[in-house]
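Notes for the one structure printed next.
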């Protein structure tokens, strides 16, 4: 049976490589590499947005959450759905601004310091997200070849794939690979769900096999814990640079808005199916290896609960998703370092040839950094919440303020970014927990980090002069 999985994975890898190489000849300028020449139609945008959002965060972290907590795990993707409803109104404004990166936006609306701090926050958040994609991909290879490939060795193999794919053709490579991956994942999940549900004896059998809390709105988690899942996901969605970069790559403002509609529909359907399959898997496999590593429940269910060919296709789809999401979250901070550091401060007049070379070298460097983080990742769910929180607290408030507030100024923005990043990173070390009441011992950083950043944003802006009118005019009519 491993031979069948090996064949499917080989086909997936060759398909992705073919798509990537097909786009390579069209990459000649900075805009070609970073934004696919600003030429992506709505159809391509829908699938690349879906693929950049639904990766190991959903297939491993969300699945781990569903295995433990049942359908209450939907609080996590629901945050993304709420964010998407708001993004419908932001997308055309983002495409109208049409720069290269979020730090471009931060400098245009605030100042150069906001730009630099934004780069730092993005590097922390996005390399962390890329790191657990690599960890999840390593888990898949270990499940398929348990005696030949360890989870750690698999992670190194996945890292090599991701770095090569991302470095080849930039945004065009990423976007068009996402179309193929999105179609594969959608078909595999839609076919797998009814087959797996039938194995449990239908809905009645599923309810009989699991605790009643698995079917309740909050289940065994508290409302505060539900918000720790909901808020970071919603705020990451609202400020996600990978998303804005796709909007900047759109052919037009209309394409950007249409793509959001398709993205909303696709995300709600696919993430609900992922949670449902993980819950079904928790009923089928309550003990054994997967009970110790519940993040693997989707991949484990594919190899043990489905007909061989379908299981191989689902596993191949999950594998492709991991590669796709890692591509997106590795490519995005590479864009920051090239556009916001190399071209801004080191070689502003660099030729297109040099820019492409430096871009590819940066992808390799960031890939290695993500790999190091992945080696120390124990829980993908906790790593995901950490990464989401950095972005949610540090960047999303100032990004939204750029499009919707005339009063927020550069002083408040700089204080907000610095506070959100600092509080999240320090909170994650556990140093401050020793000095706080017991009720804070097992809390994530989202509430303290978001409260600190919002206080800084509004109070500092209120105590200092309003922003220049010309800065605000770029974003507000």
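Bear in mind that the values in this text are calculations on the coordinates, not laboratory data. Bear in mind that the values here come from a model prediction, so they are computed numbers and not experimental data. Don't worry about glycine lacking a Cβ; one is built from the backbone with ideal geometry, like all the others, and counts go over all protein chains shown.
Counting 0.36 nm for each residue step from residue 224 to residue 85 and taking away their Cα separation leaves a gain of 47.8 nm.
Residue order for 368, 446, 122, fewest other beta carbons within 10 angstrom first, comes to 368, 446, 122. Which part of the range 449-465 falls in the paramagnetic zone of residue 426, meaning amide N under 19 Å from the point 7 Å along Cα-to-beta-carbon? Label zone hits: 449-460. Over all directions, the projected convex hull of the C-alpha atoms in the range 333-477 averages 11.7 nm² in area.
Ranked for footprinting exposure by Cβ neighbours inside 10 Å, fewest first, 383, 321, 471 give 471, 383, 321.
Set the Förster distance to 45 Å, then compute FRET efficiency between residue 454 and residue 351 from the Cβ-Cβ distance, nearest 0.05. So the FRET efficiency works out to roughly 0.55.
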